[in-house]
Structures are given as structure tokens and as C-alpha cells.
1. Which of the strands (runs of 3 or more DSSP E) contained wholly in the stretch 49-88 include at least 1 residues that are on the phi > 0 side of the Ramachandran plot and either at pLDDT 95 or above or of a type outside the set (A, V, I, L, M, F, W, C) (or both)?
2. Take the stretch 17-60 and flag every residue that is in contact with a Gly (Cβ under 6 Å, 6 or more places away or on another chain) and open to solvent by 50 Å² or more (accessible area, probe 1.4 Å).
3. What do you reckon, is Leu179 surrounded by 13 or more Cβ atoms within 10 Å (Cβ to Cβ) and at pLDDT 80 or above?
4. Return yes or no: is Ala104 at pLDDT below 90 and either exposed (fewer than 12 other Cβ atoms within 10 Å of the Cβ) or touching a Gly at 6+ places or on another chain (Cβ under 6 Å) (or both)?
5. Being acidic (Asp, Glu) and at pLDDT below 70, is that true of even one residue in the stretch 128-149?
6. Against the condition more than 20 Å from the chain's Cα centre (by Cα), more than 21 Å from Ala133 (Cα to Cα), at pLDDT below 90 and charged (D, E, K, R), how does Glu43 come out, does it pass?
Amino acid sequence: MKRLALAAALMALPLPAQAHKVIAAVFPSGSSIEGEIGFSSGEMAVGEEVIVTAPDGTELGRAVTDADGFFVFTPEQPVEHRFRADLGAGHVAMTTLPAEDVAAILGKPVIETPPPAATSDATTPAAVAGLTAEERDVIAEAVRDEIRPLRREIAAYKEKNDLQTILGGLGYILGLFGLGFYIAARRKMAV
């Protein structure tokens, strides 16, 4: 009878919640900004609208995620770009690309600060590498395609092996040992 009660008590223990975090990232990609939105479980945000705003809240444009959770946005102003997507159920993806990075994409100075006294085409990434903007875009697309699976694997690995999961597992183990010692002590007192 005691064993049946113990088995029932163990089966009634709560299981760990399968929570996931929102992952959002943006990065320069040739003459555009590419972004990725998904969950740490590896599930990607498909068909979600991404609203792009300036620091003052002015809307700069919108984009929609594709089947892989990626989106592409072409900037027009060298200001900080803030990306936001409401994924529902309280999940909101938010990330930012600094004005300096956007200005580098456009080959223009940042609007908030005065332009440097002397600029030359030799400071742009295309001139330094000796590539045209079209060649740079082709290379960026190829690198992006190779990196996508790696980002997903890293995010899934982080989610599965984070400190909270490890501590939670140790807590369950210690709890089971405590329960075992309690039952052993009760048996010893009954004898």
C-alpha cells in the first residue's frame, strides 16, 4: 500500500515547463539589413510582420518573415533602426541595428552626428575589399545561407543546456533523495 502511495506521489510531481525565448537578430547584409526572428526551441516566426522604426518612433517601413523566419529590409536613412514583431501570446521580438552600421550600409554619415571632416571612398567596405556592391551582395547572400543552420543549432543548444535547466535537474535529484531518506526514516521508526 505504501509503495502504491509513493508511486502515485511521484507521478503527481509537476513536469518542467517547456518554455522558450524569443530570438531576434539583425545584421548588415550588403546594401540591406537582414534579420531573423524565432524561438529558442528552433521554431521560426513564419509570416510575421516586422515594423521598423527610428529612435523617435517614426515608422521607417515594414517587412515580413519568410518560411525560415528571415526578413530583408532596405534602409533609406542613416539612423538607428529598431525592429519589432508581435508574435502573439505575449511574445514580442525586439532588436536594434545601430546608426553607425546603417550609415555604413548606405555609405552616408550618421544623421545625429556631424559628418567627419574628410571622407574618402577608401573607407567604405566595398572599396577596401575591391568589390562592387553587386559582388558584395552575392557573397553576403552565400555566407548568410551557410550561417542560418548554425544559428538555429546554437540557439537550440543554449535553450537545452542553460543554467536554469541544470539547476532544476539537480533540484529534482535532491528532492528524490530527500523523499527516499524520509521514507527510510519512517520505516526505521516503525520498526
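1. 59-64, 81-88
2. Ile23
3. The answer is yes for Leu179.
4. No; evaluated as a whole, the condition is false for this residue.
5. Looking for residues that are acidic (Asp, Glu) and at pLDDT below 70, one finds none in the stretch 128-149, hence no.
6. No; evaluated as a whole, the condition is false for this residue.
The values are calculated or read from the model by the stated rules, or taken from the named source; none is laboratory data. Since the structure is predicted, the reported quantities are computational estimates derived from the model, not experimental observations. All Cβ positions, glycine included, derive from the backbone under ideal geometry; neighbour counts span all protein chains shown. All accessible areas refer to the heavy atoms of the entire protein, side chains included, with ligands and DNA or RNA removed. Shrake-Rupley method; radii C 1.70, N 1.55, O 1.52, S 1.80 Å.
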